Amino acid sequence: MQKLVLLGDEAIAQGAIDAGLTAIYAYPGTPSTEITEYAIRSKEARNGQITAQWTANEKTALEAAIGVSYAGKRAMACMKHVGLNVAADPFMNSAITGVNGGLVIVSADDPSMHSSQNEQDSRFFGKFAQMPVLEPVNQQEAYDMMAYAFDLSERLNIPVLMRITTRLAHSRAGVQCVSEKRQQNSFGLPKDSRQFVLLPSIARRNYKMLLNNWPLIEQESEISGFNEYIDGTDKSLGIIATGIAFNYLMENFENRVIPFPVVRISQYPEPTEMIRKLYDSVDKILILEEGYPMIEDRLKGTLNTGKTIHGRLDGTISRDGELNPTIIAKALNKHIPETLPPSDVVVSRPPALCAGCPHIDSYNALNEALAEAGQGHVLADIGCYTLGALEPFMAVNSCVDMGASITMAKGAADAGLHPAVAVIGDSTFTHSGMTGLLDAIIHQTPITVVILDNGTTGMTGGQPSEATGRLEDICLGLGVEKDHIHVLNPIKKYHDENVAIIKKEFDYQGVSVIIPRRECIVTLNARLRHIKAQKAKS
Amino acid sequence: MKTDIILGGVGGQGILSISAIIGTAAVEKGLYVKQAEVHGMSQRGGDVMSNLRLSSEIIYSDLIPKGQVDIIIGVEPMEALRHKAMLNPEGWLVTNSTPFINITNYPELEDVYAEVRKIKNHILIDADAIAKQVGSVRASNVVMLGAAAPFLNIPEDAFFTAIQRIFGSKGEDVVQLNIDAFKAGFAEAQKVIESK
């Protein structure tokens with residue numbers, strides 16, 4: 001037995017490896033990135049015992065994982081919450097195919113939007129697909145749950161969704177690991193050769209099987225041990241706490257004894273019998289959920305004619321944002337001690353592009369090229385370069401979802417915007433930009449697509465980009481005219497030249513692609529430091 | 001025993017490194033540890049913070065309740081002040097005096113220092129200057145760790161073991177630099193404590 005200090009993300013990866021994982025696939029996205037980074041760095045991956053890979057996007061990641069499951073092995077796909085939207089098609093249908101080898105999908109939600117464009121709650125996706133959902137309370141449980149999740153998946157013939165949030169993903173704690181890890185499954189195709197063929201006739205049969213399975217899935221939530229009824233003597237209040245909300249609740253009681261009955265939930269569908277028992281034995285109920293008020297909404301129902309239920313819906317707790325111990329203290333009407341007033345001198349320090357970042361030169365050139373046209377011409381995308389929306393650049397006018405720059409520019413051009421410019425990063429382009437570019441090429445839409453090629457997936461810490469070395473070939477292959485693909489060197493020296501090229505392409509009545517190419521300053525510095533360290537050693 | 005710490009700084013200033021040193025040292029001494037970090041967009045030159053909790057008992061929450069922070073460690077003075085409302089009024093604010101100015105509306109430095117001095121228990125030292133004397137300004141984060149160490153309830157040797165473990169792969173020079181930086185910060189803090 002060995003105790004490691006791990007991030008929640010890392011505990012999930014280690015738990016999966018120790019549970020006989022064969023393959024893990026992901027596209028990086030905060031706060032999920034460190035799961036796959038850890039797996040890629042593991043000795044099992046370096047020895048070739050497991051496959052751990054970054055993929056083009058979350059959909060391809062999950063589909064590859066389903067393929068591993070098809071071949072009888074245990075697989076995992078990891079993503080941030082909005083990545084699950086991208087993977088929604090295989091996700092929903094994988095509940096209908098069922099599994100052969102165990103399949104676990106991890107979705108890391110980001111309440112308070114620390115590094116995201118929304119705070120959607122992935123538990124709804126679990127309910128939507130009719131899959132069991134696990135929501136670990138801490139790093140140890142995240143580790144322990146992986147073996148359980150794979151077993152459950154194989155036992156009930158269904159993928160399992162593991163939902164975590166930023167705080168658990170990015171917090172470290174000691175984790176006790178098992179001394180002997182499980183052997184990987186042996187290779188073996190499904191017994192029923194048509195299990196994964198979702199033709200309507202087979203899909204109808206499979207879906208009925210899923211529906212018939214549901215009572216077993218519900219039963220599992222009552223007996224697994226991850227949900228718990230903790231009795232209390234004071235029946236004036238009953239508390240339901242899900243996932244890490246339970247920790248914030250515990251934090252508010254001396255000696256960690258809560259006088260009220262509590263149902264702690266870390267597995268869904270929520271345990272109906274435990275909730276009924278609580279509801280029947282207390283005067284009113286407080287529901288603490290890290291995320292949307294999912295259980296609260298269900299318990300209240302449309303008419304809300306039962307007992308008083310406090311939570312996010314009645315304003316006891318804010319409807320948005322992540323929880324913390326102080327928010328829970330207020331919800332419990334606890335006295336909050338006076339603290340020092342905040343200092344007026346403190347001003348906000350928003351994130352910014354790094355000194356030396358190639359995007360700075362690219363935006364300076366783009367802004368100058370657009371000086372005559374004015375504001376409102378640039379549709380952008382998700383990555384470090386989204387910071388171009390802030391001072392001092394104020395260069396971009398949208399950030400919606402991965403790939404939306406090109407398609408929105410197309411739509412805006414169709415509606416009369418000229419010039420219509422898309423700004424997208426190299427990795428985002430191969431994630432979801434290529435198909436939109438094809439649309440624009442087919443219809444000869446006059447748009448100027450700027451692919452900022454820094455050779456990496458920068459925002460999430462510098463994972464390799466699938467676009468590296470093949471951007472021009474991809475664009476040519478899709479059908480962009482050779483004369484309208486320009487590779488620029490975004491440095492001060494070439495500023496005027498770059499502005500002139502961009503401006504010229506605005507006049508072209510078709511698709512132009514401009515590729516400012518210079519390595520990310522963070523990966524460059526890291527590479528130089530590494531070389532220096534190697535030299536110092538030898 | 002329970003120590004709740006907030007570390008504040010700007011992305012890239014090395015708060016995750018000192019957080020890792022403290023965490024490793026605490027685990028070495030058999031304590032429970034929880035350490036919540038900031039990854040992602042804010043790391044690009046924005047304000048970053050870490051909640052670090054050490055205890056002889058099991059720790060539940062990854063986040064520290066408001067007003068219960070025992071020590072704020074700032075590798076940058078305005079960033080230390082950002083978390084002031086989290087501090088227990090009897091707690092310590094230990095911060096570097098060298099500002100990191102990457103915004104146009106950074107406040108007057110004397111105003112920032114005046115706010116630090118309003119806090120009953122504070123240590124304000126020029127960690128960058130001390131680090132430079134020791135060998136490299138890049139070790140200023142570990143100078144701050146040394147300056148906070150008298151309040152962390154962890155014996156000195158555990159920090160040295162942790163520094164060895166975390167910087168060992170970068171060579172003996174780097175380990176020694178960081179041990180020297182730690183000691184210099186510790187000595188500076190002792191002077192302030194003794195003068196009280």
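Some observations on this one:
- Looking only at residues of the range B:26-43 that are surrounded by fewer than 21 Cβ atoms within 10 Å (Cβ to Cβ) and among the small types (Gly, Ala, Ser), we find that the one that is nearest to the other protein chains (Cβ to nearest Cβ) is B:Ser42.
- Comparison of B:Thr24, B:Thr3 shows that the only residue that is closer than 17 Å to B:Leu87 by Cα, touching a strand residue (DSSP E or B) at 6+ places or on another chain (Cβ under 8 Å) and in contact (Cβ under 8 Å) with a residue 60 or more places away in the chain is B:Thr3.
- Of all the residues in the range A:95-145, those that are more than 27 Å from A:Val197 (Cα to Cα) and among the hydrophobic types (A, V, I, L, M, F, W, C) number 6.
- Residue within the range B:165-178 that is crowded, with 19+ Cβ neighbours inside 10 Å, over 16 Å from the mean Cα position of the chain (by Cα) and at pLDDT 95 or above present: yes
- Matching residues, the range A:323-355, being closer than 30 Å to A:Ile424 by Cα and either among the basic types (Lys, Arg) or modelled with pLDDT of 95 or more (or both): A:Arg349
- A:Ser512 assigned to a strand (DSSP E or B), touching a residue at least 12 places away in the same chain (Cβ under 8 Å), surrounded by 15 or more Cβ atoms within 10 Å (Cβ to Cβ) and touching a helix residue (DSSP H, G or I) at 6+ places or on another chain (Cβ under 6 Å): yes
- Any hit, the range A:274-284, residues being among the acidic types (Asp, Glu), in a helix (DSSP H, G or I) and surrounded by 14 or more Cβ atoms within 10 Å (Cβ to Cβ): no
- Given (1) of a type outside the set (Phe, Trp, Tyr); (2) under 24 Å from B:Glu57 (Cα atoms); (3) in contact with a strand residue (DSSP E or B) (Cβ under 6 Å, 6 or more places away or on another chain); (4) modelled with pLDDT of 95 or more, index of the condition A:Asp231 fails: (3)
- Residue, surrounded by the most Cβ atoms within 10 Å (Cβ to Cβ), within the range A:285-311, restricted to residues that are touching a residue at least 60 places away in the same chain (Cβ under 8 Å) and in contact with a Pro (Cβ under 7 Å, 6 or more places away or on another chain): A:Glu290
- The residue of the range B:83-94 that is modelled with the highest pLDDT, among those that are facing another protein chain (nearest Cβ under 7 Å) and in a strand (DSSP E or B), is B:Leu87.
- Look at the range A:320-333: where a residue is among the small types (Gly, Ala, Ser) and a partner is crowded, with 21+ Cβ neighbours inside 10 Å, sitting 6+ places away or on another chain with Cβ atoms under 7 Å, you get A:Gly321/A:Pro111; A:Ala329/B:Pro65; A:Ala331/A:Leu286; A:Ala331/A:Ile317.
- Residue list for the range A:25-46, filter: assigned to a loop (DSSP other than H, G, I, E, B) and more than 14 Å from chain B (Cβ to nearest Cβ): A:Tyr27, A:Ser42
- Residues in the range B:95-109 that are outside any strand (DSSP E or B) and in contact with a His (Cβ under 8 Å, 6 or more places away or on another chain): 0 in all.
- Residue match in the range B:161-169 (condition: within 11 Å of chain A (Cβ to nearest Cβ), hydroxyl-bearing (Ser, Thr, Tyr) and in contact with a Pro (Cβ under 8 Å, 6 or more places away or on another chain)): no
- Of all the listed residues (A:Met113, A:Met92, A:Met79), the sole one being at positive phi and outside the structural domain of A:Thr468 (by TED's automatic domain parsing) is A:Met113.
So that you can scan it fast, the table gives a plain yes or no per residue for (1) within 14 Å of chain B (Cβ to nearest Cβ); (2) closer than 29 Å to A:Ala169 by Cβ:
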| residue | (1), (2) |
| --- | --- |
| A:Glu270 | no, yes |
| A:Lys277 | no, no |
| A:Tyr292 | no, yes |
| A:Asp297 | no, yes |
| A:Thr302 | no, no |
| A:His310 | no, yes |
| A:Gly321 | yes, yes |
| A:Asn324 | yes, yes |
| A:Val346 | yes, yes |
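- In the range A:376-392, of all residues being hydrophobic (A, V, I, L, M, F, W, C) and within 14 Å of another protein chain (Cβ to nearest Cβ), the one that is surrounded by the most Cβ atoms within 10 Å (Cβ to Cβ) corresponds to A:Leu387.
- Failed item in (1) surrounded by fewer than 23 Cβ atoms within 10 Å (Cβ to Cβ); (2) within 22 Å of A:Gln139 (Cα to Cα), with A:Gly29 passing the rest: (1)
- Taking the range A:19-39 as the range and being within 17 Å of A:Met146 (Cβ to Cβ) and touching a strand residue (DSSP E or B) at 6+ places or on another chain (Cβ under 6 Å) as the test, the residues that pass are A:Gly20, A:Leu21, A:Thr22, A:Ala23, A:Ile24, A:Tyr25, A:Ala26, A:Ser32, A:Glu34, A:Ile35, A:Thr36, A:Ala39.
- Of all the residues in the range A:248-267, those that are surrounded by fewer than 24 Cβ atoms within 10 Å (Cβ to Cβ) and within 11 Å of chain B (Cβ to nearest Cβ) number 6.
- Of the candidates B:Gly23, B:Gly46, B:Gly67, B:Gly8, the single residue that is within 8 Å of chain A (Cβ to nearest Cβ) and either of a type in the set (Val, Ile, Thr) or buried (at least 24 other Cβ atoms within 10 Å of the Cβ) (or both) is B:Gly23.
- Restricting the range A:442-476 to residues that are out of contact with any Asp or Glu (no Cβ under 9 Å at 6 or more places or on another chain), of a type in the set (A, V, I, L, M, F, W, C) and farther than 18 Å from A:Cys399 by Cβ, the residue that is surrounded by the most Cβ atoms within 10 Å (Cβ to Cβ) is A:Cys475.
- Among the candidates B:Ala129, B:Ala80, B:Ala139, the residue that is more than 10 Å from chain A (Cβ to nearest Cβ) and in contact with a helix residue (DSSP H, G or I) (Cβ under 8 Å, 6 or more places away or on another chain) is uniquely B:Ala139.
- Checking every residue in the range B:181-192 against the condition of being in a helix (DSSP H, G or I) and touching a His at 6+ places or on another chain (Cβ under 9 Å) gives at least one match.
- Helices (runs of 4 or more DSSP H) wholly inside the range A:99-177 containing at least 3 residues that are touching an Asp or Glu at 6+ places or on another chain (Cβ under 6 Å): A:166-169
- Number of the exception - A:Asn364 against (1) touching a residue at least 24 places away in the same chain (Cβ under 8 Å); (2) buried (at least 20 other Cβ atoms within 10 Å of the Cβ): (2)
- Matching residues in the range A:333-344 - criterion: being over 35 Å from the mean Cα position of the chain (by Cα), more than 7 Å from chain B (Cβ to nearest Cβ) and either within 30 Å of A:Ile285 (Cα to Cα) or surrounded by 14 or more Cβ atoms within 10 Å (Cβ to Cβ) (or both): A:His335, A:Glu338
The values are calculated or read from the model by the stated rules, or taken from the named source; none is laboratory data. Computed from a predicted model, the values in this text were never measured in an experiment. Reconstructed Cβ throughout: ideal geometry from the backbone, glycine too, with neighbour counts over all protein chains shown.
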